[in-house]
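Enquirer: One structure coming up, written as structure tokens, with questions to follow.
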Amino acid sequence: MSSSSLPFATPPMRLGVCYYPEQWPRERWADDARAMREMGLSTVRIAEFAWSRMEPSEGRFDWEWLDAAIETLAAQGLQVILGTPTAAPPQWLVQAHPDVLPVDAQGRVKPFGARRHYCFSSPSMWTASERIVTAMAQRYGQHPAVVAWQTDNEYGCHDTTLSYSPAALTAFRRWLAERYGSIEALNDAWGTAFWGVQFLGFEHVGFPVGQPTSALPTHAMDFRRFSSDQVVRYNRMQVELLRQHAPGRPVLHNFMGLFGEFDHHEMGQDLDIAAWDSYPLGHVDTAATFLTEAERQQWARTGHPDISAFHHDLYRGIGHGRLWVMEQQAGPVNWADWNALPLPGMVRAWSWEAFAHGAELVSYFRWRQLPYGQEQMHSGLNRPDGQRDVGGEEAARVAQEIAQVAAALPADALATVSAEVALVVDYPSLWMTQIQPQGKDMAGFGVAIRYYSALRQLGLNVDVIGPDADLSAYRLVVLPQSLHVSDALAQRLQQHSGVIVAGPRTGSKTADLAIATPLPPGPLRALLPVRVRAVESMRPGRHYAVQAEAGSPLGHASQWRDLLDLDASPEGQDVQVRERCEDGWPARVSAGRVDLHAALVDPALLQAWLDDAARRAGLSTVAISAQKPGLRLRRRGALQFAINHGPADAQVPVPTGVPLLLGSATLPPGGVAAWVVPGSAPRSR
């Protein structure tokens, strides 16, 4: 069944909530369900942590309470998203099969008593998961109120992607044997001649931890690949069971923000929809690797203007054009180092931001703040006493506004519009930056979000895509930090007719995490006839001035730069040095329609470079000035949205005479505006 034929694709914007009936007295359920409907909510996600309630002992199921909960919600016209409960294995399973538990890198077992206490390689966990998922799907797979299924909950949360258990070691060795065929091939790929660490057999390979110094990079890389494959394989098992017993219902998973410990693109191939859990304030507080303290202070109560948007665009791509927000922050969270109160209006703004980026559903976490347990300080739409909190009031307002917008537009006016800019993000390259950062602040999503932010500040719509995606629809393709570029991707880039921008480190590594041959940019040398002769990472505070030929400084390079030697192009197209660092090394070069950024530069200069590339690609840009740093634009179908993250009022570029469906031409912090684009004819994805 194709994703487009699955139910629950329309209407294009809905609101939902996460609810845990097992945590509340049964006599409250009906009142809660009625209040949800009155607030304007239409869906409820339940059951993702209730395994112990469904299966109190091995093979003995208790469905009475869940039957009653589903019927209570359905009686109010609410639709149910059922979560498989495998994120919280019951204690009886752990006691009977201790191999279920994960083990950390120091060999310590992570015990029962919280959640996510399982190893993806455990045969006992696999068997028990098959049993509970099958039983759930057989019972509720055809229930008219159950419209979708979520697998598990936040795979890998709490550092549980990598497990160092005996079961994981056995599975890792088997995976290596299948990948390499012979131990000689493994030794060659891993470069074990260095320091003379040749392995004698697959049975002698251990985990890439605990050695006196760092393990071989390819050993660590293969363990990341193996661990990712285990997560994808485990999820696929659940998806196949749900497809068998709950046909016609879309299957999704709720991914996390700023998290790349397994290959989300690969998992997305098995899903109908990609969902994610959006916590803008929590992500600002935890993004210490690429946000300065001043930036975290600036966006502490509104969320960074581009972090949530980046994930909306990332997961829309992973979900084949279908995006849900399964958990939307509705107030303070409890898991960051400091947990700020959202600025009034931001819960509403975050909701509309998700819809602007193509979300079909925004589901708030959670219905009511719980007065006990590990997350008792995590807010919800309602306070523990049952009274609406600020988030609940703003959610109710969004529900009313959705109805107003829907009444003013034809049914197909909110089809997601294909962007003309693609930002390539691949998870193996993220792992490479973690294993060999070379600069302490080079790991993770920071560089990708920096480029994404610059594109967004030019008013451009962006698709965040994987390395295997079709490039033909894009006028501008940006690779901010693709350390490994496969031969297939290199060929598609050579055949692509649009403008291509490659950031520092692009093409610098082989799939085995060795220096590329020929020298970086490796397989892109046909497009970029240069050689990276050396690299330099810079500690915070160090920088080089960047200037045009014989010109005054335009900005500065910091954090990282590649030192380039220029070659003559085999097609006779010389490489043009556009700007240089103060010591003469190129900062940006062009070869025809391809730009290479040899350095990471300050935001204003990066925006100027990308503006130049966009204009050469035939794209119109709208510069957002430093006086309104929190304003962002996003088009969905016939609607143009503007969202102001602050810190001051911002004037939005609504055309003269065009009426606004939402907001005003001058937006306060937390404000949202939307208007119909004159003469718009949406291109459906």
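The values are calculated or read from the model by the stated rules, or taken from the named source; none is laboratory data. Because the structure is predicted, anything quoted here is derived from the model rather than measured. Here the Cβ positions follow ideal geometry from the backbone for every residue, glycine too, while neighbour counts run over all protein chains shown.
Enquirer: Anything in the range 514-524 that is touching a strand residue (DSSP E or B) at 6+ places or on another chain (Cβ under 8 Å) and in a loop (DSSP other than H, G, I, E, B)? List them, or say none.
Expert: Selection gives A516, P518, L519, P520, P521.
Enquirer: Kindly indicate which of L409, L381 is modelled with pLDDT of 95 or more and either out of contact with any Leu (no Cβ under 7 Å at 6 or more places or on another chain) or among the polar types (S, T, N, Q) (or both).
Expert: L381
Enquirer: In the range 542-569, how many are in a loop (DSSP other than H, G, I, E, B) and in contact (Cβ under 8 Å) with a residue 12 or more places away in the chain?
Expert: 7
Enquirer: So in the range 163-186, with the set limited to residues that are in contact with a Phe, Trp or Tyr (Cβ under 7 Å, 6 or more places away or on another chain) and in contact (Cβ under 8 Å) with a residue 40 or more places away in the chain, which one is farthest from Y118 (Cα to Cα)?
Expert: Among those residues, the one meeting the criterion is L176.
Enquirer: Separate question: I need a count of the residues in the range 144-164 that are among the hydroxyl-bearing types (S, T, Y) and either on the phi > 0 side of the Ramachandran plot or in contact with a helix residue (DSSP H, G or I) (Cβ under 9 Å, 6 or more places away or on another chain) (or both).
Expert: Residues flagged as among the hydroxyl-bearing types (S, T, Y) and either on the phi > 0 side of the Ramachandran plot or in contact with a helix residue (DSSP H, G or I) (Cβ under 9 Å, 6 or more places away or on another chain) (or both) within the range 144-164 amount to 4.
Enquirer: Next question. Do we find that L162 is outside any helix (DSSP H, G or I) and buried (at least 20 other Cβ atoms within 10 Å of the Cβ) in this structure?
Expert: Yes.
Enquirer: A further question follows. Is one or more of the residues making up the range 286-293 in a loop (DSSP other than H, G, I, E, B), more than 20 Å from the chain's Cα centre (by Cα) and crowded, with 18+ Cβ neighbours inside 10 Å?
Expert: Scanning the range 286-293, I find no residue that is in a loop (DSSP other than H, G, I, E, B), more than 20 Å from the chain's Cα centre (by Cα) and crowded, with 18+ Cβ neighbours inside 10 Å, so the answer is no.
Let's see how each residue does on (1) part of a loop (DSSP other than H, G, I, E, B); (2) touching a Phe, Trp or Tyr at 6+ places or on another chain (Cβ under 6 Å); (3) touching a residue at least 12 places away in the same chain (Cβ under 8 Å):
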{"residue": "D188", "(1), (2), (3)": "no, no, no"}
{"residue": "E203", "(1), (2), (3)": "no, no, yes"}
{"residue": "P208", "(1), (2), (3)": "yes, yes, yes"}
{"residue": "T213", "(1), (2), (3)": "yes, no, no"}
{"residue": "T218", "(1), (2), (3)": "no, yes, yes"}
{"residue": "N235", "(1), (2), (3)": "no, no, yes"}
{"residue": "F259", "(1), (2), (3)": "yes, no, yes"}
{"residue": "H265", "(1), (2), (3)": "no, no, yes"}
{"residue": "H283", "(1), (2), (3)": "no, no, yes"}
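Enquirer: Here are some residues: F199, F223. Which one is within 19 Å of D512 (Cα to Cα), assigned to a helix (DSSP H, G or I), aromatic (F, W, Y) and at pLDDT 95 or above?
Expert: Of the residues listed, the single one that is within 19 Å of D512 (Cα to Cα), assigned to a helix (DSSP H, G or I), aromatic (F, W, Y) and at pLDDT 95 or above is F223.
Enquirer: Taking into account only those residues within the range 362-378 that are within 18 Å of P25 (Cα to Cα) and either polar (S, T, N, Q) or within 25 Å of the chain's Cα centre (by Cα) (or both), which is surrounded by the most Cβ atoms within 10 Å (Cβ to Cβ)?
Expert: W367
Enquirer: Right, something else. Is it true that A359 is surrounded by fewer than 23 Cβ atoms within 10 Å (Cβ to Cβ), modelled with pLDDT of 95 or more and closer than 24 Å to V390 by Cβ?
Expert: In short, no.
Enquirer: Would a scan of the range 268-288 turn up a residue that is modelled with pLDDT under 95 and in contact with a Lys or Arg (Cβ under 7 Å, 6 or more places away or on another chain)?
Expert: yes
Enquirer: Further question on the same structure: Yes or no: the range 88-110 includes at least one residue that is under 22 Å from A395 (Cβ atoms) and surrounded by 15 or more Cβ atoms within 10 Å (Cβ to Cβ).
Expert: So far as the range 88-110 goes, no, none of its residues is under 22 Å from A395 (Cβ atoms) and surrounded by 15 or more Cβ atoms within 10 Å (Cβ to Cβ).
Enquirer: On to the next question. Among the listed residues L610, L596, which satisfies the condition of being crowded, with 17+ Cβ neighbours inside 10 Å and in a strand (DSSP E or B)?
Expert: L596
Enquirer: So P90 ticks every box in (1) over 27 Å from I273 (Cα atoms); (2) touching a His at 6+ places or on another chain (Cβ under 7 Å) but one. Which box is left unticked?
Expert: Just one mismatch for P90, condition (2).
Enquirer: Within the range 504-513, can you find the residues that are part of a loop (DSSP other than H, G, I, E, B) and either of a type outside the set (S, T, Y) or touching a residue at least 60 places away in the same chain (Cβ under 8 Å) (or both)?
Expert: Residues satisfying the conditions are P504, R505, T506, G507, A511, D512, L513.
Enquirer: Still on this structure, I have one more. Out of the residues in the range 60-85 that are of a type outside the set (A, V, I, L, M, F, W, C) and in contact with a helix residue (DSSP H, G or I) (Cβ under 7 Å, 6 or more places away or on another chain), which is surrounded by the fewest Cβ atoms within 10 Å (Cβ to Cβ)?
Expert: Filtering the range 60-85 for residues that are of a type outside the set (A, V, I, L, M, F, W, C) and in contact with a helix residue (DSSP H, G or I) (Cβ under 7 Å, 6 or more places away or on another chain), the one surrounded by the fewest Cβ atoms within 10 Å (Cβ to Cβ) comes out as G77.
Enquirer: Could you run through the range 620-642 and say how many residues are in contact with a Pro (Cβ under 7 Å, 6 or more places away or on another chain) and within 17 Å of Y452 (Cα to Cα)?
Expert: 3
Enquirer: From the list L528, L513, pick out the single residue that is at pLDDT below 95, buried (at least 18 other Cβ atoms within 10 Å of the Cβ) and assigned by TED's automatic domain parsing to the domain that holds E582.
Expert: Result of the check over L528, L513: L528.
Enquirer: Now for a different question. Could you pull out the residue among A407, A415, A454, A403 that is more than 30 Å from D222 (Cα to Cα) and free of Cβ contacts under 8 Å to residues at least 12 places away in the same chain?
Expert: The unique qualifying residue is A407.
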